[in-house]
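J.: Structure below; questions to follow.
The values are calculated or read from the model by the stated rules, or taken from the named source; none is laboratory data. Treat the numbers as computed from the prediction; the structure is a model and nothing was measured. Here the Cβ positions follow ideal geometry from the backbone for every residue, glycine too, while neighbour counts run over all protein chains shown.
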Amino acid sequence: MIMKILAVCGFGVGSSMVLKMTLDKVVRELGVDATVENTDISSAKATLADVYFTSFELKPDLEASTDKPIYAIKRYMNKDEVEAAMNDYLATRKDA
């Protein structure tokens, strides 16, 4: 089954696109079968995904609307930070 990953920012345009590009690179390098989409916070709350990546500021808002894992990323272009969060998620998945 293909994993669905959401990169979330306030308006779904700038920073979530940067985070999506970094997530795309990490997913490809790790060989994870996933789709990565970027979106705004309002849409993210209404969209089912396996895991969400966002900012520390938006994480509490997302937590109120989903029981899925949410990872706060400080530096969206830092592949090592994003990869560490992805590896943490992959290690905790029940169907892995």
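J.: Suppose we keep only residues that are in a loop (DSSP other than H, G, I, E, B) and in contact (Cβ under 8 Å) with a residue 12 or more places away in the chain within the stretch 65-75. Which one would you say is surrounded by the fewest Cβ atoms within 10 Å (Cβ to Cβ)? Don't jump to the end; show me each part of the working.
T.: Our first condition is that a residue be in a loop (DSSP other than H, G, I, E, B); within the stretch 65-75, this holds for 65-69, 73-75.
Those left that are additionally in contact (Cβ under 8 Å) with a residue 12 or more places away in the chain: 65-66, 68-69, 73-74.
Values: Ser65: 15, Thr66: 17, Lys68: 15, Pro69: 16, Ile73: 21, Lys74: 8.
Within the stretch 65-75, the match that is surrounded by the fewest Cβ atoms within 10 Å (Cβ to Cβ) is Lys74.
Per-residue answers, yes or no, for (1) more than 12 Å from the chain's Cα centre (by Cα); (2) at pLDDT below 95:
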residue	(1), (2)
Phe11	yes, yes
Lys20	no, no
Val27	no, no
Val36	no, no
Ser43	yes, no
Ala49	no, no
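J.: Can you confirm whether Lys4 is surrounded by fewer than 19 Cβ atoms within 10 Å (Cβ to Cβ), within 16 Å of Tyr71 (Cα to Cα) and charged (D, E, K, R)? Before you say what the answer is, go through the steps one by one.
T.: On the way: surrounded by fewer than 19 Cβ atoms within 10 Å (Cβ to Cβ): yes; within 16 Å of Tyr71 (Cα to Cα): yes; charged (D, E, K, R): yes.
Taking the combined requirement at face value, the residue satisfies it.
J.: Residues of the stretch 76-95 being of a type in the set (D, E, K, R) and part of a loop (DSSP other than H, G, I, E, B), which ones?
T.: Kept after step one, since they are of a type in the set (D, E, K, R), are these residues of the stretch 76-95: 79-81, 83, 88, 93-95.
Result: Arg93, Lys94, Asp95.
J.: Just the residues that are within 12 Å of the chain's Cα centre (by Cα) and either within 11 Å of Leu23 (Cα to Cα) or of a type outside the set (Ser, Thr, Tyr) (or both), please, taken from the stretch 59-80. Lay out the reasoning, then the answer.
T.: Just the residues of the stretch 59-80 that are within 12 Å of the chain's Cα centre (by Cα), to begin with: 59, 62, 68-73, 76.
Selection gives Lys59, Leu62, Lys68, Pro69, Ile70, Ala72, Ile73, Tyr76.
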